Structure formats: C-alpha cells, structure tokens
C-alpha cells in the first residue's frame, strides 16, 4: 500500500455519511440512496488499488464515483423522476409545528427553484453543500476551480432572484 493512501476502511468510515447525504439529496428516497451509496463504495473498493492521492483528494475521488453512480441511476430511471423526487424530498421534522410548517413551505419553494436551475448549477450547489471545496467541485465537474465558483455563484444569484420575484 502506498504511504500517501489511507486504508480503505478509514475512507469508508469518514465518507459514508457525506456520500449518503449527497446521494440522498439527489434521489430523494432512502432506499435508492442506500442502494446507490452501497454501489459507490463497492466501485471505490474495486478501484482502490488504482487510486493515487497525489492526483486527487480522497473526497473528490469518492464524490466523482458518487456523482457518476447517481447519473447512471437517472439514466436508468429518467430525469423526470429526478425532478419529482427532488421536489418531493422533505426535511427532517422539527419540534415547533408552526415553525415546521413555515420551514416546510420555504424548503419546497427552494427545492422547486433549485430544480429549475441548469443541471451544472444544480450539481455545483449539491457538491459544494456536501462539503467539497471549489477545487474538488471543479475536478468532479471537469472544470477549473474558478469555473466551479462561477457556476455556484450564478446558481445562488438565480435562486436569490427567483425568491425575490416570488416575494413581490
């Protein structure tokens, strides 16, 4: 084993929750997210002998596998299913019923607006909010760090404008 490559078990423990959260945000159901996450780690385990930490970070490598597995899922199940599940996905319940209702409304409105974004902007937002750096987001999306920042900030600007437009 190379000295710059951590044991696979360590990567699994460190990234399981983050990969699952990323996939769950994409597919919206726990059953699909669990299946895809299991596939991600199976693919990663099988490819781990070829992983070289000097070429990419473990985080970027695993999220690239997760992104590809998620895209494969949508190719098999269709993009309309992705949008439907994204819009129907609900946040965890809170203790305050009034606050929960307001958060639920705002959450669904935001998800609806996110679903309207171009795919690359949606991906930039999802990956960035999964804890990846802009450099890692750029590598995963096949663009520079600056391009990833631009995609992310354009998405935020579009979301702000859409929310502002709805408030009027």
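FYI, it's all coordinate maths here, none of it is from the lab. Predicted model only: the values in this text are computed from it and were never measured. Here Cβ is always computed from backbone atoms with ideal geometry, including for glycine, and neighbour counts include all displayed protein chains.
Protection proxy ranking of 120-126, 139-145, by the mean of other Cβ atoms within 10 Å over each peptide's residues and highest first, is 120-126, 139-145. Put a dot 7 Å past the Cα of residue 13, heading toward its Cβ, do the same for residue 166, and the two dots end up 4.1 nm apart.
The label-point distance for residue 48 and residue 75, in a model that sets each label 7 Å from Cα toward Cβ, rounds to 2.6 nm.
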